[in-house]
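One structure is given here, and the rest of the page talks about it.
The values are calculated or read from the model by the stated rules, or taken from the named source; none is laboratory data. What you see is a predicted model; the values in this text were computed from it and never measured. Positions of Cβ are backbone-derived with ideal geometry, glycine not excepted, and every protein chain shown enters the neighbour counts. Heads up: the accessible areas ignore ligands, DNA and RNA and are worked out on the full protein's heavy atoms, side chains in. Shrake-Rupley method; radii C 1.70, N 1.55, O 1.52, S 1.80 Å.
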Amino acid sequence: MIYLNGEFMPIEEARIPVLDRGFIFGDGVYEVIPVYSRRPFRLADHLNRLQDSLDGIRITNPHTNDEWASLLNQIIADNEGDDQYIYLHITRGVAKRDHAFPKGVLPTVFIMSNPLTTPPKELLATGVDAITAVDNRWLRCDIKAISLLPNVLLRQMAIDVGAVETILIREGFMTEGAASNIFVVRSNSLIAPPKNHLMLPGITYDIVLELAAANGIPYEVRKVSEYEIRNSQELLLTSSTKEIMPIKRLDGKAVGDGAPGSMFKRLYQLYQTYKNTVMRGDTNNN
Ligand code: PMP
């Protein structure tokens with residue numbers, strides 16, 4: 001069951017007009033929200049980021065946070081599985097094709113949910129391969145825009161060589177992955193690039209830094225050079241659906257000793273514990 005513009009229906013019945021500006025221009029924003037035990041995880045953070053994305057492209061938020069929460073709860077209840085991930089998508093609506101914003105047009109709102117399958121233990125035990133590429137995206141990567149053509153092409157470069165992610169480099173510094181944030185470990189310290197308009201402010205990125213701070217793990221937030229990602233003890237990838245994953249090889253060369261390291265193991269455990277605490281309701285789910 002999905003939600004489209006005020007109605008709940010089976011996905012097969014959902015239709016949007018071809019003149020939707022999402023279809024014509026990629027003119028919209030989206031969110032992906034993990035759901036554990038039928039509860040959206042860090043919902044307030046996701047809704048804040050949604051608001052920032054909407055502000056970034058000048059669409060008025062069609063719902064209050066309470067309305068979003070009740071729409072999401074309905075979708076979660078109508079779909080199978082305790083663990084799901086919600087995809088929420090807003091476009092500027094349907095109008096005659098013209099770059100200029102249309103007047104008096106309502107945004108299109110689409111919400112669906114799919115089963116959430118977090119990375120299997122076997123993959124976490126070995127780690128995954130990544131490659132690097134020049135970050136050729138626009139300068140507002142902080143907006144979670146639905147126009148993802150560069151990300152699609154960059155991610156496919158990894159898939160074509162049997163890797164899972166492409167780590168992006170802009171002017172000598174690492175920004176993020178094609179669909180993830182990237183952390184580096186050097187001298188036993190976790191290093192994260194600072195949030196700016198060149199990367200998506202990941203919710204999982206925030207959680208990892210919060211866990212590091214709360215557990216006495218040394219960390220720095222600063223620019224990460226290409227040299228540093230090529231000469232690191234560990235490389236970690238984070239996203240709402242992949243949680244935390246270790247990268248074992250970069251451009252075919254072993255990262256550290258080529259196996260998941262102690263920083264990954266520690267953060268992975270802390271993340272699972274945190275997740276369970278939040279889902280039991282012992283900690284505020286932001
Ligand atoms: N960067 C990009 C480009 C992404 O698409 C994503 C989400 N898939 C992330 C970072 C990670 O963000 P989050 O932790 O909020 O899922």
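Please state the relative contact order of the stretch 2-115 as a whole percent: Cα pairs under 8 Å, 6+ residues apart?
Values: 172 pairs, mean separation 43.5, N = 114.
Worked out over the stretch 2-115, it gives 38 percent.
What does the net charge come to around Val208 if you take all other residues with beta carbon closer than 14 Å to its beta carbon, with K and R at +1 and D and E at -1? Before the final figure, lay out each step's value.
Details: positive: Arg42, Lys195, Lys242, Lys265, Arg266, Lys275; negative: Asp45, Glu176, Asp206, Glu210, Glu220, Glu234, Glu243.
Net local charge, Val208 excluded: -1.
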Under 11 Å from the Cβ of Pro193, count the other residues' Cβ atoms, weight Lys and Arg +1, Asp and Glu -1, and hand me the total. +1
Return the single residue from Ile182, Ile75, Ile247 with maximal mean-square fluctuation; model: Gaussian network over the chain, springs between Cα atoms under 10 Å. Ile75
Treating only the Cα positions of the stretch 1-79 as identical point scatterers, give the base-10 log of I(q)/I(0) from the Debye formula at each q in 0.14, 0.21, 0.22 Å⁻¹. -0.54, -1.18, -1.25
Of all DSSP beta bridges with both partners in the stretch 121-279, the antiparallel percent, nearest 5, is 65
Dipole magnitude (debye, nearest 20) for the stretch 121-279, charges at Cβ of Lys, Arg, Asp, Glu: 140
Around Arg21: net Lys/Arg minus Asp/Glu count, Cβ-Cβ under 11 Å: 0
Using only protein heavy atoms and a 1.4 Å probe, report how much of Asp251 is accessible, in Å² to the nearest 10. 70
Taking the chain as the reference, fit the longest principal axis to its C-alpha atoms, fit the long axis of helix 65-78 to the helix C-alpha atoms, and give the angle between the two in degrees, 0 to 90, nearest 10. 80
Rounded to 10°, Cα long-axis angle of helix 43-57 versus longest principal axis of the chain: 70
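Using a 1.4 angstrom probe on heavy atoms only, work out the carbon and sulfur share of the accessible area of the stretch 70-194 in %. Walk me through the numbers before you get to the answer.
Values: 3460 of 6000 Å².
About 58 percent, which is the carbon plus sulfur part of the accessible surface.
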Work the Kirkwood hydrodynamic radius out for the chain: mean of 1/r over every pair of different alpha-carbon atoms, inverted, in Å. 19.9
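Filter the trypsin sites (Lys or Arg not before Pro) in the stretch 1-46 to those in DSSP coil with at most 16 other Cβ atoms within 10 Å of their Cβ, and list the result. Can you show the working numbers first?
On the way: sites: Arg15, Arg21, Arg38, Arg42; in loops: Arg15, Arg38, Arg42.
In loop regions of the stretch 1-46 (DSSP not H, G, I, E or B), the sparsely surrounded trypsin sites (Lys or Arg not before Pro) are Arg15, Arg38.
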Excluding residues fewer than 8 places away in the same chain, name every one of the aspartates and glutamates whose C-alpha is closer than 19 Å to that of Lys265. Glu122, Asp129, Asp206, Glu210, Glu220, Glu234, Glu243, Asp257
If I fit a long axis through the Cα atoms of helix 203-214 and take the longest principal axis of the Cα atoms of the chain, what angle between them do I get, 0 to 90°, rounded to 10? 40
Taking loop as defined by DSSP and a crowding limit of 13 other beta carbons within 10 Å, which GluC sites (Glu not before Pro) in the stretch 139-198 fit? Glu171
Global size of the stretch 143-286 as Cα Rg and Dmax, reported in angstrom: 15.0, 44
Okay, helix-only estimate at 222 nm for the chain: each DSSP H run of n ≥ 4 adds -39500 (n - 2.57), divide by all residues, round to 500 deg cm²/dmol; what do you get? -9500 deg cm²/dmol
Who wins for biggest fluctuation among Lys195, Lys121, Lys275 in a Gaussian network model of the chain, springs between alpha carbons below 10 Å? Lys121
Whole-Hz couplings from phi, Karplus 6.51/-1.76/1.60, listed for the stretch 174-184; x for Gly and Pro: 6, 9, 5, x, 4, 8, 7, 9, 10, 10, 10
Could you point to the residue in Thr117, Leu250, Gly22 farthest towards the positive end of the chain's charge dipole, with +1 and -1 charges on the Cβ of Lys/Arg and Asp/Glu respectively? Leu250
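Can you tell me the mean projection area, over all orientations, of the convex hull of the stretch 37-85's alpha carbons? Units nm², please.
Working: hull surface 14.1 nm².
With the hull built on Cα positions only, its mean projection is 3.5 nm².
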